[in-house]
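What follows is a short report on a single structure.
Values in this text are rule-based calculations from the coordinates and carry no lab data. Note that the structure is a prediction, hence the values are computed from the model and not measured. Here the Cβ is made from the backbone with ideal geometry for all residues, glycine too, and neighbour counts use every protein chain on show.
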Amino acid sequence: MYFWPAISNSIMKRILIFFCVIFGLFTEGKSTTLSPEAQISLLTCSAGTEIYSYFGHSAIRVKDTTQNLDYVFNYGVFSFDTPHFVWRFCKGETDYMLAVQSMKSFLDTYYEERRDVYEQVLNLTPEEKQKLFDSLIENYKPENRYYRYNHFLDNCATRIRDQFEKATDGKMAYDTSINQPLSFRQMIHAALPDNSWSGFGIKLALGVPCDRKTTFAEKMFLPAYLQKDMASASLLRSDGKVPFSQPLQTLYKAPSLSQDFSLTSPAIVMMLFFLITLILTIREYQLKKRFLWLDFFVYLSFGIGGLILGFLCFYSKLEATGWNLNLLWALPTHFIYAFVLFMPSLKDKLNWYPKIITYILLAFLVSMFFLPQTFHWLVIPLSLTMLLRSAGISSIVRIIEKRKVL
């Protein structure tokens, strides 16, 4: 995806001049007539290091040297400056827009971000090129350019797929023999970095709907699949089939970035969290003393996670985060119980809570591989961490009480 970054005054002046040209060409709803030499291409950009760029990006290039046109139509533009952006994004109410920029400006962005850029020139007839261009101009009108973003069903890649199919009047034929039975979760997991906290958070936030197998068309929500499927697609002509696109061209190949080992990666931190909890729990039994602060920290941490997952599951309109079974081990009620631990009167009345949690966790760990949701492997040490505390509380309390009697 793409966003408008903060820019200097000098760059702003050049952009204003550029948009004045764009305004003159497009705002009246009159599309320029393309010459027979015009080319329309699919641009595909590799993933970046920012969370909004993990899945890559797609755009359409319209190039007509006869008329000095070389524009990129970009359905993936949003702004962090939008009021309450993060809140609206979490609620699933993010609005994206179609923007137009020069090819040079587009490439400069990806040079700076060190992301590969590939191009596939489409084998369209002059009539199909004009129809596609006219449709893009229509989409660029102020009343049409904004749309409600949906990561799976309506994004920068799916909109391009729909535009291509519309311009060719159903003459496109896909090579479905290359289709693989993949779920949305499998496709997303493959695109997310393994050593990233944001990537780990996204994986935990995905619910049961993400385990549904995708159709051939649905796979094109990821730019890499859109690129691959357009490369193997064909157009039905009167004299037979022709490839939909020309061979892939590399416009920019970024230097590879190595993913260095990090002591603060989710895997390291979660495993250390489990091991430290295990050691401290054993130490409790040795000392016959309860570490109340440890229970508070564990229940509070899991409770905060549960509140976030609960919000995404039950309040957000994001389909991908619905019916999240990670809530079986990260219950939002853990947050409340963390503070109850310091209220003697309430703590005694709720001494059944950790027992119930123990049974839930045991049932979850036994059945997790048979549930309709696929879980990240780090869910196992996380569940075992909570199990250590929930199962250990009653035992430690009994030991302490027995010691007092003696």
If you line up the long axis of helix 353-367 against the longest principal axis of the chain, both from Cα atoms, how many degrees apart are they, to the nearest 10? 50 degrees
Under 5 Å between amide H atoms, partner at least 5 residues away or on a different chain: which partners does N123 have, H built in plane at 1.01 Å? S245, Q246
Unit charges at the beta carbon, dipole of segment 100-251: most positive-side option, V242, M220, A167: M220
For a test of the definition: using alpha carbon positions, the gyration tensor, and the 1.5 limit on a/c, classify segment 82-182 as rounded, prolate or oblate. rounded
In units of 2.2 N^0.38 Å, the Cα radius of gyration of segment 175-275 is 1.49
The farthest towards the positive end of the charge dipole of the chain, of the residues A267, G92, N195, given +1 on Cβ of Lys and Arg and -1 on Cβ of Asp and Glu, is A267
Output the 0 to 90 degree angle, nearest 10, between the alpha-carbon long axis of helix 379-405 and the longest principal axis computed from the alpha carbons of the chain. 20 degrees
Charge context of G392, other residues only, Cβ under 10 angstrom, K/R +1, D/E -1: 0
State the answer as a single residue: which of L136, Y118, Y146 lies farthest towards the positive end of the charge dipole of segment 109-151, with beta carbon charges of +1 for Lys and Arg and -1 for Asp and Glu, about the Cα centre. Y146
Expected 222 nm ellipticity per residue - DSSP helices of 4 or more, -39500 (n - 2.57), all of the chain, to 500: -14500 deg cm²/dmol
About its Cα centre, segment 162-202 carries a charge dipole, from +1 on Lys and Arg Cβ atoms and -1 on Asp and Glu Cβ atoms, whose size in debye to the nearest 20 is 80 debye
Ordered by residue, what ³J(HN,Hα) values in Hz, to whole numbers, does segment 105-115 give under the Karplus form 6.51 cos²θ - 1.76 cosθ + 1.60, where θ = phi - 60° and Gly and Pro are x? 4, 4, 5, 4, 4, 7, 4, 5, 7, 6, 10
Across 10 Å bins from 0, what is the distribution of all Cα-Cα pair distances for segment 266-405, in whole percents? 11, 40, 35, 12, 2, 0
G76's amide H: which non-local residues (gap 5+, or another chain) put their own amide H closer than 5 Å, with H modeled 1.01 Å from N in plane and none for Pro or chain starts? A99
Across segment 94-102, in residue order, what do the Karplus-derived ³J(HN,Hα) couplings come to in whole Hz, using 6.51 cos²θ - 1.76 cosθ + 1.60 with θ = phi - 60° and x for Gly and Pro? 8, 9, 9, 8, 8, 10, 10, 8, 5
Explain nothing, just compute: Karplus ³J(HN,Hα) = 6.51 cos²θ - 1.76 cosθ + 1.60, θ = phi - 60°, for every residue of segment 32-38 in order, whole Hz, x for Gly and Pro. 5, 7, 6, 7, x, 7, 4
Sorted by chain and then number, the residues having a modelled amide H within less than 5 Å of the amide H of S183, at least 5 places away or on another chain, are T214
With a Cα-only, solvent-free Debye model of the chain, what are the log10 I(q)/I(0) values at q = 0.12, 0.14 Å⁻¹? -0.99, -1.23
Quick calc, segment 266-405, dipole around Cα centre from Cβ unit charges on Lys, Arg (+) and Asp, Glu (-), nearest 20 debye, gives 680 debye
Bridge orientation stat for the chain from DSSP, antiparallel percent rounded to 5, came to 95 percent
Where does helix 9-26 land angle-wise versus the long Cα axis of the chain, in degrees 0 to 90, nearest 10? 60 degrees
Pairs to check: K141/K203; K104/K253; K63/K253; K219/K317. Give those whose C-alpha atoms are more than 27 Å from each other in this structure. K141/K203
Need one word for segment 105-260: rounded, prolate or oblate. Basis is the Cα gyration tensor (sqrt eigenvalues a ≥ b ≥ c); a/c below 1.5 gives rounded, then a/b vs b/c decides. prolate
To the nearest 20 Debye, how big is the dipole of the chain about its Cα centre, given +1 on the beta carbon of each Lys and Arg and -1 on that of each Asp and Glu? 1960 debye
Ordered by fewest other Cβ atoms within 10 Å, a rough proxy for footprinting exposure, S245, S265 read S265, S245
The chain, relative contact order [Cα under 8 Å, separation at least 6], %: 16 percent
